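Undergrad: Here it is, the structure, as structure tokens.
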Amino acid sequence: MHQIDADAPLAACFNPLVRPYLVLQGALILGFTIIGLPLLPIWLLGGGQWWARHYYDLLLCELGETELRFRKGILFQVEKTIPLENIQDVTFIEGPLLRQFNLSTLKFETAGHSAGQASDMTLVGIVDAHAFRAEILRRRTALRQRAAAPGAAGMGDAGAAQLVLLQQISAQLERIAQRLEDRNG
């Protein structure tokens, strides 16, 4: 994974072996269901290849400075933008079937996600998935460090205004504490 600017948008590349993997995965699903068995020959003789090719052509994953954006699907297209500060973990998954195709899966766990949405946040076949995962986590850490920087640096106008207000409240509380000491002492 070549990178010129540490915070420049980074587009993930997908392994073309995703296509035969998807065809085989669909065939296994059809083969294990009674209703799917009659559809299995249609799937293997061309329907699956057509579907996998179009699915692969529409795959997109871009890592920006503050968010991760991805798109997948044909009939039901899912496009998500996940703020990096909401990403809790990026799980790297390799199973026996994935290893046969030299593929892996990245699963994104976000703050406040529900169990039903978790399946929408997985991507199969990113080339050099370990490095892409490390870059996501590096950018998330850098973003959190900038947000936690002392003073108004790294904060927006609202953050700076809140900091000034908190400083004024703190000064007022110190004056009240001093007056109470003067009365009692």
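Undergrad: Can you give the relative contact order of the chain as a percent, counting alpha carbon pairs under 8 Å and 6+ residues apart?
TA: Relative contact order, the chain: 18 percent.
Undergrad: Given a cut-off of 27 Å, what percent of all Cα-Cα pairs of the chain lie beyond it?
TA: Numbers: 7996 of 17020 pairs.
That tail contains 47 percent of the Cα-Cα pairs.
Undergrad: May I ask for the net charge around Glu62, where only other residues with Cβ less than 10 Å from the Cβ of Glu62 are counted and Lys, Arg are +1 while Asp, Glu are -1?
TA: Numbers: positive: Arg69, Arg71; negative: Glu67.
My count for the surroundings of Glu62 gives +1.
Undergrad: State to the nearest 20 debye the size of the charge dipole of region 10-148 about its Cα centre, where the only charges are +1 on K and R beta carbons and -1 on D and E beta carbons.
TA: On the way: 14 positive and 12 negative charges, 17 e Å.
Dipole of region 10-148, to the nearest 20 debye: 80 debye.
Undergrad: Further, regarding this structure: Test of understanding: extend the Cα→C-beta vector of Glu94 to 7 Å, then name every residue of region 19-42 with backbone N under 11 Å from that spot.
TA: No residue passes the distance filter.
Undergrad: Which of Leu106, Leu24, Leu123 ends up with the largest GNM mean-square fluctuation for the chain, with Cα atoms connected below 10 Å?
TA: Comparing Leu106, Leu24, Leu123 in the GNM, the peak value goes to Leu24.
Undergrad: Enumerate the calculated ³J(HN,Hα) couplings along region 51-56 in order (Karplus 6.51 cos²θ - 1.76 cosθ + 1.60, θ = phi - 60°), each rounded to whole Hz, writing x wherever the residue is Gly or Pro.
TA: Running phi through 6.51 cos²θ - 1.76 cosθ + 1.60 with θ = phi - 60° gives 4, 5, 5, 5, 4, 4 Hz.
Undergrad: Nearest 10 degrees, 0 to 90: what angle lies between the long axis of helix 129-147 and the longest principal axis of the chain (Cα atoms)?
TA: It is inclined by approximately 20 degrees.
Read the figures in this text as sums done on the coordinates, not as results from a lab. Model, not experiment: these values are computed from the prediction. Heads up, the Cβs are rebuilt from the backbone with ideal geometry, glycines too, and the neighbour counts pull from every protein chain shown.
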